[in-house]
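Notes for the one structure printed next.
Each value in this text was obtained by applying a stated rule to the coordinates, not by laboratory testing. Only a predicted model underlies this, so the values are computations on that prediction, with no experimental measurement involved. Please note: Cβ atoms are built from the backbone with ideal geometry, for glycine as well, and neighbour counts cover all protein chains shown.
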């Protein structure tokens, strides 16, 4: 890496040439500084090119005094601290978001704009995903149930699978891919181009302006998208099972009402509500903590999508085990 | 009006400011000059309260920035206009909406009053006719002028201006700096301007401070700075390769 140092006259105060960023696993300090402030520092380091950037959190390669097993333990310790720090920050972030969401002023216009972006603009993707998922379920379900002479149960099988699990989960995953990634990228770019600083300097709370509308839009849009997914999926299943494979309409939909209850519908809604929070939370957080430059934003976007997806699947399991 | 006393700041162990002190009296513009990457923009962010110092005090009208909370700091910031190096315009909003943003958010003016004010300011910066365009559809100079319009729309008492002419052609750069001078004459703001356009900036400002390695090494009038015998200042102004400031 190109290094630049500034030489001064002998006797003058000389600039520091040691790597000020090298640190051991044991010196990782918990820092709750505002992300913008840390970013300013990173930007300056880029400008000065005075030092190599450390691998975040777990770089113990500089600890030549440690032997291999100790380095692994040190790395594990650093990773644990990093995990705890991130968890704490994310928890505080969510707490703040809920606090501002519950207190005026409310930005209805911004919320509607985000509902349009997260909800309405995801409609086609959700429609297609729901239709094909329902059709596959109809086909696979019919073939399986046919072996046991239970094709009459195709309707309940498709609808329960969709309403309880596939609808909320797949809708959330699709929204993460379409809207969540865009959310992270947009906030990340706003951050690196100092637009968030500009918002702060105009006396506007960036949490209220950027995060809260996305959180509320996620909470409102996800259950609606999930409902669309479920309905389209059920009809997709009927299209294959009924129109193509011969299950009658009365059997398909009639048995559905026998085997399904409100509890199933509500469980699906609860799940999608929490997924809406999760997507807005993770994707906004990652955007606000995006690193410097295009690389920083792309990295944040990838992290947001991966983390949201994993958390959706994890949280789905937790919710399923609690609700059923 | 703006006073920095012994301000220190480090980022992840990298010491950026090592005891910065200077003062800007009311109605005066101070030019902050120095080598790129030595913390000039960080000083502006400290003054705006976007970054907190590790040590030292920043006071605006006797109020210490570090001690202000919530509504107090918001009230103080409402007196600021900040021109960011890249403009920091909201890419999803038109030129009109960018300039109107502070009025819509922080005042109770009617839509008509907002429109009138915005159009007046756009006229002032020579951007009438571009109000429906988005930042991606206008030139670098127009972005800077839009950003100036946004900073001016609430008649700020304090202007913090970060490299207003960077990346612009000489004519555009001159236009922007001339605009800042004329606005200063009109509303008499107190300001700090970071710029490398020394000749033109020296015509606007009352005093100049040079930052080097995290400390202010000299403060004086533009004439005093031009005549300075400090080897660092001399080399910086003349742009000589040989001298105490060396790049490797």
Estimated distance in nm for a label pair at residue B:215 and residue A:89, the labels positioned 7 Å out from Cα along Cα-to-Cβ: 3.3 nm
Sorted by Cβ neighbour density within 10 Å, fewest at the top, the residues B:10, B:92, A:122, A:171: B:92, B:10, A:122, A:171
Stokes-Einstein D for the protein assembly as shown, Kirkwood Rh over Cα pairs, 4 °C, 1.567 mPa s (µm²/s): 48 µm²/s
Nearest 10 degrees, 0 to 90: helix B:111-124 Cα axis against chain B principal axis: 50 degrees
Pairwise centroid distance, computed over Cα atoms, of region B:86-118 with region B:184-198, Å: 23 Å
Residue A:310-residue A:146 FRET efficiency (beta carbon distance; Förster radius 45 Å; 0.05 resolution): 0.80
Fraction of antiparallel bridges per DSSP, region B:42-193 only, in percent to nearest 5: 20 percent
Candidates B:40, B:104, B:26, ranked by Gaussian network fluctuation over chain B, Cα under 10 Å, top entry: B:104
Length-normalised contact order of chain B in % [C-alpha pairs under 8 Å, at least 6 apart]: 26 percent
Listed residues B:199, B:59, B:190, most fluctuating in chain B (Gaussian network, C-alpha, under 10 Å): B:199
Distance (nanometres) between label positions extended 7 Å along Cα→Cβ at residue A:71 and residue B:111: 6.6 nm
Computed label-point distance, nm, for sites residue A:80 and residue B:23 using a 7 Å Cα→Cβ extension: 5.3 nm
Region A:236-278 and region B:43-70: distance between their alpha carbon centers, rounded to Å: 59 Å
Order of B:146, A:184 - criterion: other Cβ atoms within 10 Å of each residue's Cβ, fewest first: B:146, A:184
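Please tell me the relative contact order of region B:72-159 in percent, rounded to the nearest whole number, where contacts are Cα pairs under 8 Å and at least six residues apart.
In percent, rounded to a whole number, it is 51.
I need the semi-axes of the equivalent ellipsoid of region B:56-183: take the C-alpha gyration tensor, multiply each eigenvalue by 5, square-root it, list largest first in whole angstrom.
Values: eigenvalues 128, 74, 31 Å².
Value: 25, 19, 12 Å, ordered largest first.
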Residue with peak Gaussian network fluctuation, chain B [Cα springs, cutoff 10 Å], from B:96, B:212, B:236: B:236
Degrees, to the nearest 10: B:95-106 long Cα axis against longest axis of chain B: 90 degrees
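Counting other C-beta atoms within 10 Å, which of A:308, B:139 has the fewest, and how do the rest follow? Mind dumping the intermediate values first?
Values: A:308 27, B:139 12.
Placing the least packed residue first, the sequence is B:139, A:308.
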Isotropic mean projected area of the C-alpha convex hull, region B:26-76 (nm²): 4.3 nm²
Theoretical gain in end-to-end length, residue B:224 to residue B:136 [0.36 nm per residue, Cα-Cα removed]: 27.5 nm
Degrees separating the helix B:140-152 axis from the principal Cα axis of chain B, which is the longest one: 80 degrees
Relative contact order, percent, region B:1-108 [alpha-carbon distance under 8 Å, six or more residues apart]: 25 percent
Cβ-derived FRET efficiency at R0 35 Å, residue B:206 paired with residue B:171, nearest 0.05: 0.85
